[in-house]
Amino acid sequence: MSTVYRPVPTPEKWREIEETLTGYWEKDRWDITDPIFDEFRPERWTLPNKIIDFSRLQPGIKEEVKFFFIHRLREYTLRLQTAVSYGTCFARLADFLKQVYPGIGSFTDFKIEIVMTRWRSYLVEQGVSVNKKGRLSSTQYETLLQQVYQFMLNFYDDREEFEKNVWDVRKIPGAKYTQNESRYLLSFEDIPFPFRPLAKRYLKVRVGIRSYSQCNTDLIALRLFLRFIHEQYPHWQDLKKLSRKDMENYLAWYRSYTEGWQKQHRDCLLSLRGFFDYIQRAGYPEAPEKPHFSLLFKEDFPKRAIRSEEDIKFIPEGVLKQLEENLEQLTPSQYIPIVVLLRATGWRISDILNLRYDNCLDRTAQAGGSAAIFPKLRC
């Protein structure tokens, strides 16, 4: 019987945390007006709070939260404004942990599903409002706990990335992702356990040849489909007996579940068809015995919406003219070269932000000129 792997803090990992929390970062009260935050702080600060106070958090938890903040700030995947906003949750989080988990010293000791349920109940008792859908009106409390938990779990997990249930594509050689975006995780935790190895094997191939965005769509498609099949056939360990009737039942449920998804509705079906096609051609032992074209028909796919000129959003010419005439007044001034490149090239903002000064030009054999190198276009 397989056991669930749970990473734990090791002396080596804890030493890395201690080495990070030196100098200014040793303090339990961070003043974001300090020069150490200059590279993270916007020129115009709109929040009234300028202090992040970790002092009430219990030992172990406090160091992990600080480590999370430092890493995410340095990676530019956490804005300083968001960090300060999270800091306003610390008082309640500290009181909650002291009441419910007084002896806990690491986020890895949590069973996150149980903790989140108790955390929500505690917050409601403390007067945090609930919206009409029964969810907390302020999402930062839940987001903080979930993000720190997941971050520390990944940090302590020394297994090969493909063995984990949550992949960080930044750690996968050859993975294609946009560096200026904060999305880089692929989670298999919601894939039913019997089908998880199948999903991982397939995504291991995809992550090296497709973008993160496409892989995420593939994963959503697999998650929806495999959970549906697992509910219908809890004893199934593979998809060998999958039939057209099963697909008809799935499509009926899927149309209802994805109502309003528009583009994503079609994209997930295309991902599912690609999944069936590949695992059959590759000879996966779990693959359906019936050929993929007898499982999903052409008419199962909604027609692609045709966009009219009215659907395309343009910036009015007058606004663009004002921008060009007052470009030198743009603040911060670091944005000026970006705007110039956007106007001169017509490229997407993600392409511009991925340019690197030392290798942004390359000679092209076709035109004999120069062309920008975009990470997402590399083979």
Item to check | Note, ³J(HN,Hα) from phi for the range 263-268, Karplus 6.51, -1.76, 1.60, rounded to Hz, x at Gly and Pro | outcome: 4, 5, 4, 5, 4, 5
Item to check | Whole-Å distance, taken between Cα centres, linking the range 24-84 and the range 216-255 | outcome: 44 Å
Item to check | ³J(HN,Hα), Karplus 6.51/-1.76/1.60, whole Hz, each residue of the range 56-68, x for Gly, Pro | outcome: 7, 6, 6, x, x, 5, 4, 5, 5, 5, 4, 4, 4
Checklist entry - So which of Lys66/Lys132; Lys66/Lys164; Lys171/Lys303; Lys164/Lys298; Lys204/Lys241; Lys13/Lys200 end up more than 31 Å apart by C-alpha? => result Lys66/Lys132; Lys171/Lys303; Lys164/Lys298
Item to check | Amide H contacts of Val166 (H built 1.01 Å from N, under 5 Å, at least 5 apart or other chain) | outcome: Phe188
Checklist entry - For the range 8-156, rounded, prolate or oblate, judged on the Cα gyration tensor with a ≥ b ≥ c (square roots of eigenvalues), a/c < 1.5 rounded, else prolate if a/b > b/c? => result oblate
Item to check | Vicinal HN-Hα couplings computed from phi for the range 130-137 (Karplus, 6.51 cos²θ - 1.76 cosθ + 1.60; Hz; Gly/Pro x) | outcome: 10, 7, 5, 8, x, 9, 5, 5
Item to check | Fraction of beta bridges assigned by DSSP in the chain that are antiparallel (%, nearest 5) | outcome: 90 percent
Next on the checklist: What is the sum of charges, Lys and Arg at +1 and Asp and Glu at -1, for the other residues whose Cβ falls under 10 Å from the Cβ of Arg170?
Outcome noted: -2
Checklist entry - (i) 31, 28, 19; (ii) 38, 34, 22; (iii) 33, 23, 21: which one is semi-axes √(5λ) of the Cα gyration tensor in Å as calculated from this entry? => result (ii)
Checklist entry - Among all the aspartates and glutamates, which ones have a C-alpha under 16 Å from Lys50's C-alpha, if same-chain residues fewer than 8 places away are not counted? => result Asp28, Asp31, Asp34, Asp38, Glu39
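Taken together, the values in this text are just the output of simple stated rules run on the coordinates, not laboratory data. All figures in this text were calculated on a predicted structure; none of them were measured in a lab. For neighbour counting, all protein chains shown are included, and Cβ atoms are generated from backbone atoms with ideal geometry for every residue, glycine included.
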